[in-house]
Each structure stands twice: as C-alpha cells, then as structure tokens.
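A.B. asks: Got a structure for you, written out below as structure tokens; questions coming shortly.
The values are calculated or read from the model by the stated rules, or taken from the named source; none is laboratory data. Since this is a predicted model, take the numbers as computed values, not measurements. No Cβ is skipped: glycine too gets one built from the backbone with ideal geometry, and neighbour counts run over all protein chains shown. Surface areas here come from the heavy atoms of the whole protein model, side chains and all, with no ligands, DNA or RNA. Shrake-Rupley method; radii C 1.70, N 1.55, O 1.52, S 1.80 Å.
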Amino acid sequence: MVDAQAASGTSYILRRLLLLPVILGVVALSTFLISYSIPPRVRAVAALEKHISEARIQSIIRENGWDQPFLDQFLTYLHRALQGDLGRSVVNREPVASAIRRKFPATAELALVSLFIALLIGMCLGIASATRRNSWIDYSSALLALGGLSIPVFWLALIAQGLISEYVNIPLLGRGDPGTVRTGLYLLDSLLAGDLAAFGDCFQRLLVPATVLATVPMAIVTRITRASMLDVLGADYIRTARSKGLPRAAILLRHALKNAALPILTIAGLQLGYLLGGAVLTETIFDWNGLGSYVAQALLANDFAPVQGGVLVMATTFVLVNLSVDLLYARLDPRVKLG
Amino acid sequence: MRTRLLITLLALTTFGCSQRSDWTDKDTLVYGRGSDSRSLDPIAVSDGESIKVQSNMLERLARVDFDGAIQPCLATEWEPLGDGRHGLRFRIREGVTFHDNTPLDAQAVAFNLRRLLRSQSPYIDFYSTILPDKIQVVSNQVEIETSRPDANLLRHLAMFPAAIVSPQAVKTLGQDFGDRAIGTGPFRFESWEKDQRIVLSRNESYWGEKAGVSRIEFWRIQDNNSRIKKLVNGDLSYIDNPNPQDIETIENHPELDYQMRKPGQEISLLYMAMNTSRPPFDNALFRRAIAHAIDKKKIARLFQGIASVADQAVPPGIYGHSDNVQGIEYDQKKAKQLLEKSGIKQRSFTLAHMSNSRPYIRQPHEVARALREALRRIGLEIKIEKHEWGTYLPLVQGARHDLCLLGWTTDNGDADNFLTTFYSSSSAKVGSANNVSFYKNPRMDDLLNQQRNEIDPKKRQQILDSIYRYAAEQSPIVPLVYVSDMIAYHRTLKNVRFHPLGEKVLAPIRIDSSSETPN
Amino acid sequence: MRNRAIRTFFRSKTGVLGACLVFLFLLAALLAPVLAPFDPEHQIDGKESQSPSSHHWLGTTPLGEDMASRILHGARTSLKVGVISVAISCLAGLFLGVIAGYRGGWVDTLIMRAIDILMAFPSILLAITIVSILGRSLHSIMIAVGVVGIPVFARQVRASVLAVRELEYVTASRALGAHASRIVLRHILPATMGPVIVLTSLRIATAILESAGLSFLGLGGEAILEWGTMLAENKDHYARLPHLVLAPGIAISLTVLAFNLFGDALRDALDPRLHR
C-alpha cells in the first residue's frame, strides 16, 4: 500500500488528501448516473404501495425534479450535497443526512467491536500457533482460520441466530438504550453516562452479530499474525534475547509482537474499511439498523437518494481509514518513507 | 479495577438482565412486524404497515367493531340529510381533544374532509360522490352531501383515509405531518426511528376507555423467521404473520399463543393473472386451459393450513361472496383438450412473481415453482422471473408480463372492491393498472355497473353470481387460494382479538403479569 | 522448476486435500445430470417435505423436489459462476495491469486511480448496484462479481510487471527493437502467470461466496438451482426441515474451503515469496 519511492511525508499526505475530493466527486457522479439510468417512473413507483395512479407518479416526478435536464439535476444535487442536504428517501421521506447520522454509528460500532474480537482471537491464535508450530493448536487454528474464510457469513448468521434464541437468553432486538445519545456509539455513550447496566445490555445485543461478522477478519488476522511472528521469531535478535535467558513471555510480547505489529495493523485497517461497508448481509439478518443494510435495501427498492448518500459516506470513510493506516504505519516504522 | 470490570461484563453477558420480563415491567406491547410504516398521514398511504400504526392513534367519525358492525366514534350519531338531498349529517362528539390539546369540533371535521378530497389519497375514488362545496358546519354538526345516493358513504367514512387529525398540527407541521401524526386516539405519537421502530404511548386524557398498555413499540423485523425467534426468546410480545410452519413451535411453547382468521372468513386472495393484452392470452379457451391445469389444493398445502382453495375472486369473509358458484376444477385432461381446441401452438411463457413475502403470500417462489410444474404437465414451458416489489409493480402494471402472481386484501369489506380491481376496464390503464390481466370486456363492465347500482341485496347477489360464472368462463385471472392472516403473542397479553377488516386494534390489550408462568 | 513446484504441492497434505475436494466438486458439477438420482426440478407428488432417508439422502423440499439432486446441480451453477466471473476479473485485470505496469506514466496513474476509486466502493454494494442496473439474473451476478474482482488482479499483475520490466532480458529485447506486443507476450505475461494462477484459485473461492451472498439477497432473478438461492428459499423451513438449510450452507463452505486450500498450496508451490 505504501509506495517505496521516497518523497517528503507531508507532500504525500497532501496529495492523498487532495485526491479525496476527486474520488468523492467521481463516486458522487457515478452514483448519480446509476440513479439517473433508472427511468423516473420506476423510481416514482418506489414511493407508492398498493394503489398507483398516473397523477401521483407525475407529481412525485415533478416534486423531485426528475423531469429536469441531466446537468441541472446533477448540479442541484451537488449544490445541496455540499450544504449537507443529501435529499430524502422517497419511501418514507426521511432526510438521508439524518438517517446516515443515525445509522453510521451503528455500523461503526458493529465494525469496531467486530474488529476488536477479530484482533483479540486472531492474535492469540496466531501467536499460539507460531510459538507451537505443528502442534495441535497450530493445526486447529489453521483450520479455524480456513473455516472463517470459507463459511458464508450469512449462513453462519442464520444458524447463530437460531441457536442463540433457542439456548441462550440474550436479547437480539435493536441496539439497546444507552440513556443519552452523544456519540451514537452506544457502548461509549453508556460508559460516558456511567451506566454499567446499560453498557451490559448494549454489549449483549452487539455481541452475536459482531462475533459472526468477525469470522473473516479473525481468519485473516490469525494467518498474518502467525506468518509475521514466524518471520520475527527466526530473526537474530530474538535468538540473542533468548540466549540471554529473557523470559519467554517477555520475548514474545516485548520483541516479537512489537515487530509483528505492523503487518497486523495494516491488515486491521484494511479489514475495518471492508467491515464498515461490507456488513450488508449480517446487518440484514440481525436487523441491525446500520448503513450497509440501509443502502442495500434502498437499492433493492429503487430508492436512490439513500444509495447516493450512503455510498458517498462509505467511500469517504474507506479512503480516510486507509489513509490513516498509511500514516500510522509510517509513524511506527521509521524505515518506511511515504512516496 | 480492570478485572472487576471484566467480571461485571461477564456476569452481565452470561446471566443477562433478564430481557424476558422487561416489557411486562414497563407495561409495553412490543410488536414485531415485517416492514416499517411509510407515513403516518392518513391521506398519504395505502400500505398495511402504515395503517396499522395510524389506526391506533387516529380516529374516524365512525368505526367498525370486532363484529363488523359500524359504531359511533368521533360522531355520536348520524342521520340522512333529507329534504331531497343525498348524504349524511353527523353530530360530533363533545369534549374530545387532539393530542396537541386543541379541541375537536365540527370545523376540524370539515377541515379534514376537505383536505381528504383535495388530496391524492389512493382511496380518493371511495369519496368521489362527496360534493366538496357542500360540506357544511351547523353548530356541532357536519353535513356531508353527495351527488347521488351512496350506500357505502358511511362505510368509507369509517375507513382510515377519513381519519380526523388536528388541523392545527397539519398547519404547523406541513409536509412533516406524516412523521408524527396528531389525532384523538387511545395512543399518541412518541417517537419514530425510521426503518426500526415507532413508539406510541397511552393517551391519558382519552375520551373513551383508556388503553390497556402504557406503551406500544412497533419494531421492524423483516425476516419472518427472525420475528418468531424474537417472540420465543421474549424480545417481542406480539408478532404479525409468523410462518405457518412455526405454528407447531407456538403450540408447544407454554408461554405463547396464536390466532388466525378461520377458514370461511378470509379477506385476502392470491391469484395468477394472464396478460390478455398479449396473444395468446387474448384467447379465452387457452386461458381456461391454463386454469384447469392448476392444482389449487397443492398450492393451498404450501401455506400449511393458513389458506384454502379459491373458487371465485371474492374471498368468503367479504360481503358479496357466493356459496352457489363453482370454480374451475383441476383437470389436466380437460386442460389438454382445451389447449388443443384453442389452436395455440406457442408453448413457452414467463411467470413473474414478487421476491418478498406479502400478507397474502409467504413463499412466492414456492407458489411460482408449483405453478410452473402444473403447467409443465400440460406441455407448457414456463420461465420464472423474480422481482423486488418496487420493480415488480411497474412491470405488471405496465403489461410487461405473460403470467404474474398477485394478491388483494380488502379495502372496505365489499365484493365490488375486488371485482373492479380484477375485471373492470376502468382499472386496466397501462402503467397504473390494478387490473393486471388488462381484461376489457363490455359485457363484464355492464354487469359490474349493474351490481354497483343495485340496492336490493338479493338482486345484487344474483348479479354477482352471474359475474362469478362469467369470470370463470373467461378466466382472465385464476383465483388460487384465500389466505388467512395470523398473529402470535405471549399469553400474558389479554384481550387479543382479530378485527374483521384486518385492522390492528390494540387499545383493549393489557398485560396480565400475574398469570405469567415462572421461568 | 516446474517439477519442484509439483513436488512441493504434493508434499502439502492440505493442498492434496484441497485438490481432492476440488476434483470432487468438478466431478459433481460436470456429471450432475448422471449422478443426480432425480430431476432436481421434478416435483414428486406425495413426497413433499420429507426428512433425509435412504431414498432421498437430503430429504425433499415442501414442493416434493429431491434436495440431493438440487445440491448436485447447484455445483454446476457454482462452477459456472466461479469460472466465468473469475475469467472476467482475470482477463480485465491482466489487460489493465499489463498496460499500467508496462507503459507507466500517465496511463499507469489513470488506471491505478480508477482502480482506487473502484476499490473505494464497498464490494458487496458495488455488486448489488451492478446487478440492479443490469437486471436480476445469474448473468448479472457473474458480471458483478467479476467486476468486483478486477482490482485485485490488476494490482497483482502490475506489481509483477514492474518487477520484470527492467530486468536485463526485457530491456535487451527492447533495445533490439522488438515490438511491444511481442515483449509483453514473450517476456512479461509469462512472468505474471504464477501469481495469477494462485489468485485465480483463491478468487474462485471468493466469487462463489460472493455470488451466494448476492443470490441470498434475491438477486438471482429466476428460480435457479443455486446454493445461495436455496438457502434463502428454505430458511423459513429451518425449524422443521433443518437439512434444507444446512445442506446448501455446507456445500458452499466445502467448495470454498476446497479452493482456498488448493490456492494456498499452489501459492506455496509456485512462489514461496508470495506468503501473505
């Protein structure tokens, strides 16, 4: 991800940041083109339900300006979007911007907790299998990782939901109630409010979807951790440390893990980017009211304002997350120069 | 410190703060349903999910009770206008206030009726006889004059589009009225987190008997399967339309109960329409061949006990259904003969269906596959096409299909609503048709008009019977099954009842925690 | 070199297991019409909703179709989707990657920035978008999954091209005045083949997963014999007929596992440095 050609870090950051509006412009244009390519009549019908009349179709088309020339429509859209107005859903007339404000934290929280679970389990398994190569733990964690990569997440979600509701008394409805909503991340909100019971409740509701969603990143983290630990463990300085009689745990944590941290960090950043946009199926199955299922359902219903707004936000997040990972990487590893 | 937090966390996770009794403690009805509402404004919608919430917050001049009779509501009484004028005079109930504390009066009622008549409500045709200029307020009475005698006027004023909402709120909220409607009902609007839940709270100053629970939460749980799971684990206390295959789970569960509309009282029809604007479906013999080929019993079996075989277009729970007509029987031999006789050589067609479940169909793809197999057995090759509801309706209403699956649930409880939808040339306009077989026949139109203008019930039934017989002969649509609806709930909920028109009247429900079986 | 690779591959137990599973899968896919005990679409009257038995190994659907036959035929669909969609990503990725890597300069910048933008779309949403433009069908799903996979190939190919572009034998033949297309065909393409083969096997796994997810969302269009579609169709019967939900899920998992194992072992064999 980091080009090796050397240049000064600041100009690199600047270039990347300057690229952001370009990318967003292209994303905005392409999502707009997509919705433009669907006939206005079809989009208007998305607003109606059982009874459809020509008069209502026409008035919806007029209200939304879908009868205007392409350029007018696009410029109006851009103009409004720059002011933070992303239009309204034609289905329930909710402003897209406020829907995103509500749903993005839900997705972010799910993604973060899921990544946390993936890192926790993945790194433990990776370290264990690197230090005990070819032992049963190595084989079983390799198997687990392969399973994580191979089992369809939506299938796992279906089965997990069935099993949980059958055997474990965990609420699966909604995200819970953190008291006052400040950040929209309910775990954080409930902690800020000092309400441990609310925290526990929100945590319970989050746990199952987050664990299911964690399977793929967990598998990847396990593999990366194992591979980079093996690289490091073979290195000279570790052998030196070992010969000096340093305790095993100290070697592992202070030396080996510290050096294996970089690739893990990179992969974690990449995975976070994917988790933020890719949890469509998990969100749908668990009725998690997040951004992924919002956009997917709007797409399926020909309701395009949510699609345009949602994808724009996701793309921005994705680019920003990747950029911060690059920067962090350069910060942690003095050998890396940004180019 | 860190360990203590961890232990707390673990304890919370494993033992839980017992969600099960949560709704009993909070005196809350936690209602799970398949989709969110679209709007809370009565003149803006026609979807069941919007109506469901509205009818617990908003009231009409009259209402239909659990036995199907029309009862006073916001009007205490009514009488014909007399003096040679057609229409009704309503006396408005006194001492009623809207949820925003503005008073209900005759002016407010007139305001609402004029608003309805000016609107693009999908139901506007039901009110087409009302003369907008002749809605008059006389002290606390409202006179509604119609252009001709309209036997259904009262019935239609008791329907949800004619709900009376706060004029003050309509003026101040403008376009946003649909986000937080304000009426006079037993529940008032609390909050709406779109795509997720709507919360209503008890109207403590309700004019009638106060609601049994202090709060209702309507949750959107799209997946049928997921809804029943959440009912079982206690997240929800009441759900719509569980899958029939879950009846067994509910019966075996000590804390759960269910109700379904009984056979013979269904108000929904599932049918297959043939696009008669496209050859060879303009050939009645060919259409009848197809109708004979379909094993409706097998299709009914797919509904696992919540559907029965349909022999006419009007379900048995609807006024005007006939017990004296026989539908087209399943007879493959006859189907093949008719096919031969029709002279149609084309053998391959498409069958379009919606991808998602609707109130009248849980598993559209299974019904479609059963139909394909049935037609395959008389030598027709059917290609199935699946579409999301949002693209499906434009497709079939734009006449871009051969065969399609669709259903209808009553709007007003009368046969005319079904027959006009299916057979009238007036609803066959390409692009916005409800008559998706695009069937146009002057003789049928004439029969439809006759029954509409006939006031004598016996004579009207005779006309209706002849319509059913003629419809079978013509078969632009094949009525497949009458579908029942179902609800499931925790036994701690008392007074759960089915409404004959499918409305969800939740005010009488209360939670009786004393009878809860111990965990 | 080649012999060594084959030997390395066959030394890996998991690789052999993967290869066997892939072979079984191919066998099932190619011979489904012969192997399947019943016509997967035929509805047997009176045999609806059966549990697994010696007659119907995986039971029957509520319509009376034999589930085992449906699963076998599902392998055909998965094979088709996997091969075609990966072919799309692979060919487009090769084309773009080679041009970007070999030409360099503004062409490179343009292509790579376009790929960056493509990657900024969440892949599943990108796929859903493509399907909703093209219309719901298996073909749309194949194209969508194919397009989503292009960036991975393009980046990998470009990296391999960059690695060999300045090698002596390439610069030498350029100095000798060889035509660009000849250089690409003779020297550049062969150098990219190792990683591309590995990537192909791993992408088939991903493609099968992604297309199953898309079909699960109902984007498959017509009633198709596809595992993700079967999952979606049968999920409401889970409580009563769990095998109807378990069977397609396991089928997907095993197939994807097979291609993953196979791909991993290939990578170890073809390019030990490619450890990720």
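A.B. asks: Return the average number of partner chain Cβ atoms within 10 angstrom of each residue Cβ along peptide A:38-46. Provide the component values of the computation, followed by the final result.
C.D. replies: Working: counts 3, 1, 0, 4, 6, 2, 1, 11, 6.
Mean partner shielding for this stretch: 4.
A.B. asks: Around B:E145, what is the net charge, scoring Lys/Arg as +1 and Asp/Glu as -1 over all other residues with Cβ under 11 Å from its Cβ?
C.D. replies: Values: positive: B:R85, B:R89, B:K134, B:R148; negative: B:D83, B:D133, B:E143, B:D150.
In short, 0.
A.B. asks: Which shape class, rounded, prolate or oblate, goes with chain B when its Cα gyration tensor gives a ≥ b ≥ c as root eigenvalues, a/c under 1.5 marks rounded, and past that a/b bigger than b/c marks prolate?
C.D. replies: Values: a/c = 2.10, a/b = 1.19, b/c = 1.76.
Because a/c hits 1.5 or more and a/b fails to exceed b/c, chain B counts as oblate.
A.B. asks: Output the peptides C:255-267, A:151-163 sorted from most to least packed, where packing is the average of other Cβ atoms within 10 Å over each peptide's residues.
C.D. replies: Details: C:255-267: 24.6, A:151-163: 21.3.
Output ranking for C:255-267, A:151-163: C:255-267, A:151-163.
A.B. asks: Quick one: which residues, 5 or more positions from B:N434 or on another chain, have an amide H under 5 Å from its amide H? H modelled 1.01 Å from N in the peptide plane, none for Pro or chain starts.
C.D. replies: Correct list: B:K429.
A.B. asks: Then there's this: Helix C:105-120 against the longest principal axis of chain C: what's the angle in degrees, Cα atoms only, rounded to the nearest 10?
C.D. replies: Approximately 20 degrees, to the nearest ten.
A.B. asks: Just add up the charged neighbours of B:I239: K/R +1, D/E -1, any other residue whose Cβ is under 9 Å from the Cβ of B:I239.
C.D. replies: Details: positive: B:R33, B:R227, B:K230; negative: B:D240.
Every neighbour counted, the sum reads +2.
A.B. asks: Enter the mean number of other protein chain beta carbons within 10 Å of the beta carbon of each residue in C:125-134, as an integer.
C.D. replies: Numbers: counts 13, 3, 1, 7, 9, 1, 2, 11, 5, 0.
So the per-residue partner count for this stretch is 5.
A.B. asks: So, by mean Cβ neighbours within 10 angstrom, what's the order for A:229-235, A:270-276 with the highest one leading?
C.D. replies: On the way: A:229-235: 16.9, A:270-276: 22.3.
Going from most to least packed, we get A:270-276, A:229-235.
A.B. asks: Using packing as a proxy for protection, rank C:176-182, B:457-463, B:261-267, B:230-236 so that the peptide with the highest average count of other Cβ atoms within 10 Å comes first. Before the final figure, lay out the partial values.
C.D. replies: On the way: C:176-182: 9.7, B:457-463: 14.3, B:261-267: 17.9, B:230-236: 23.9.
Taking the mean over residues of other Cβ atoms within 10 Å, the ranking is B:230-236, B:261-267, B:457-463, C:176-182.
A.B. asks: With θ set to phi - 60° and the Karplus curve 6.51 cos²θ - 1.76 cosθ + 1.60, what are the ³J(HN,Hα) couplings of segment A:73-82 in order, to the nearest whole Hz, using x for Gly and Pro?
C.D. replies: In residue order, the calculated couplings are 4, 5, 5, 4, 4, 4, 4, 5, 4, 5 Hz.
A.B. asks: Right, here's the next one. Please list C:Y169, B:Y319 in order of solvent-accessible area, largest first, computed with a 1.4 Å probe with all protein chains present.
C.D. replies: Working: C:Y169 110, B:Y319 135 Å².
Solvent-accessible surface, decreasing: B:Y319, C:Y169.
A.B. asks: Below 12 angstrom from the Cβ of B:K229, what's the summed charge of the other residues (Lys, Arg +1; Asp, Glu -1)? Display every interim value, and only then the final one.
C.D. replies: Values: positive: B:R227, B:K230, C:K235; negative: A:E166, A:D287, B:D223, B:D235, B:D246, C:D236.
After counting each charged neighbour, the total is -3.
A.B. asks: With an 8 Å cut-off on Cα pairs and a minimum separation of 6 or more residues, tell me the relative contact order of chain C in percent.
C.D. replies: Values: 417 pairs, mean separation 72.1, N = 276.
Normalised by residue count, the contact order of chain C is 26 percent.
A.B. asks: Might you work out the accessible area of B:E373 for me, using a 1.4 Å probe with all protein chains in place, and round it to the nearest 10 Å²?
C.D. replies: Roll a 1.4 Å probe over it and B:E373 shows about 10 Å².
A.B. asks: Considering every residue in A:23-36, what mean count of other chain Cβ atoms within 10 Å of its Cβ is obtained? Please list the in-between numbers first.
C.D. replies: Values: counts 5, 2, 1, 6, 3, 0, 0, 5, 2, 0, 1, 4, 1, 0.
Shielding by partners across A:23-36 averages 2.
A.B. asks: Moving on. Got the relative contact order for chain B handy, in percent, Cα pairs under 8 Å and 6 or more residues apart?
C.D. replies: Working: 1047 pairs, mean separation 94.2, N = 519.
After rounding, I find 18 percent.
A.B. asks: Using the structure shown, list the pairs from B:K336/B:K383; B:K298/B:K440; B:K383/C:K235; B:K386/C:K80 with a Cα-Cα distance above 26 Å, or answer none.
C.D. replies: Result: B:K298/B:K440 exceed 26 Å.
A.B. asks: Would you mind telling me the share, in percent, of accessible area of the protein assembly as shown contributed by carbon and sulfur at probe 1.4 angstrom? Walk me through the numbers before you get to the answer.
C.D. replies: Values: 27020 of 46390 Å².
C and S fraction of accessible area: 58 percent.
A.B. asks: Counting alpha carbon pairs within less than 8 Å and at least 6 residues apart, what relative contact order, in whole percent, applies to segment A:96-337?
C.D. replies: Working: 294 pairs, mean separation 68.3, N = 242.
Relative contact order of segment A:96-337: 28 percent.
A.B. asks: Nearest 10 degrees, 0 to 90: what angle lies between the long axis of helix A:196-233 and the longest principal axis of chain A (Cα atoms)?
C.D. replies: 50
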